[in-house]
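Take a look at the structure set out below.
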Amino acid sequence: MRGKAILVWAATAALAGFLFGFDTAVISGAEQAVQRVWQMSDGLHGIAISAALWGTVVGALFGGLPSDALGRKKTLIGIGALYVVSAIGSALAWDPVSFTVFRFIGGLGVGASSIAAPGYISEIAPEKSRGRLVALYQAMVVLGIL
């Protein structure tokens, strides 16, 4: 890979960071509506909303396993599938439990991508621009929050 192709692939992988930040910002604006719609107790509400964060912890702890076994690129493609399942499932959730499960699945993707995306970017980046390109991931997290 050369020049612009590396930048395009690095930016594409860094979109995983954008999704992390975006999810954090979006759920904070929707969480009270979610509680109202399903008339959740405060405890269940807390579990449902924090499920993505718990998934992130698990995904980060174990995200290196598929990255090492399958490679970062294939792992990122699989993570994309987790994001799609989570987004559609969360939007179409029929009760608080299904919503919580789909949020957890999304968290698994976020956690695993926090391992796989910077690793992939560092693998494809030339030595002279590796730090800047890997920093794209973190910059995209912040951009997603905004």
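The figures follow:
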item	result
Subset of segment 8-35 (residues that are modelled with pLDDT under 90, surrounded by fewer than 17 Cβ atoms within 10 Å (Cβ to Cβ) and either closer than 24 Å to residue 114 by Cβ or touching an Asp or Glu at 6+ places or on another chain (Cβ under 8 Å) (or both))	24, 25, 26, 28, 29, 30, 31
Residue ID - surrounded by the most Cβ atoms within 10 Å (Cβ to Cβ), chosen from residues in segment 80-134 that are in contact (Cβ under 8 Å) with a residue 12 or more places away in the chain and either outside any helix (DSSP H, G or I) or among the basic types (Lys, Arg) (or both)	103
Yes/no for residue 143 being in a helix (DSSP H, G or I), buried (at least 19 other Cβ atoms within 10 Å of the Cβ) and among the aliphatic types (A, V, I, L, M)	no
Residue list for segment 36-67, restricted to those being surrounded by 13 or more Cβ atoms within 10 Å (Cβ to Cβ), assigned to a helix (DSSP H, G or I) and of a type outside the set (A, V, I, L, M)	45, 46, 50, 54, 55, 56, 59, 62, 64, 66, 67
Segment 1-56, residues that are under 15 Å from residue 139 (Cα atoms), in contact with a helix residue (DSSP H, G or I) (Cβ under 7 Å, 6 or more places away or on another chain) and of a type in the set (S, T, N, Q)	24
Members of segment 68-79 found to be small (Gly, Ala, Ser) and in a helix (DSSP H, G or I), listed by number	69, 78
Residue selected from segment 68-79 under the condition touching a residue at least 12 places away in the same chain (Cβ under 8 Å) and of a type in the set (A, V, I, L, M, F, W, C), by the criterion surrounded by the most Cβ atoms within 10 Å (Cβ to Cβ)	79
Long-range neighbours under 7 Å by Cβ, at least six apart or interchain, first residue in contact (Cβ under 8 Å) with a residue 12 or more places away in the chain within segment 42-59, second surrounded by 15 or more Cβ atoms within 10 Å (Cβ to Cβ) and not in a helix (DSSP H, G or I)	48/40
Within segment 11-34, tally of residues that are touching a Ser or Thr at 6+ places or on another chain (Cβ under 9 Å) and either among the aromatic types (Phe, Trp, Tyr) or more than 22 Å from residue 85 (Cβ to Cβ) (or both)	1
All positions within segment 16-45 that are hydroxyl-bearing (Ser, Thr, Tyr) and under 13 Å from the mean Cα position of the chain (by Cα)	24
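The values are calculated or read from the model by the stated rules, or taken from the named source; none is laboratory data. The model shown is predicted, which means the values in this text are computed figures rather than measured ones. Glycine also receives a Cβ, built like all others from the backbone with ideal geometry; neighbour counts cover every protein chain displayed.
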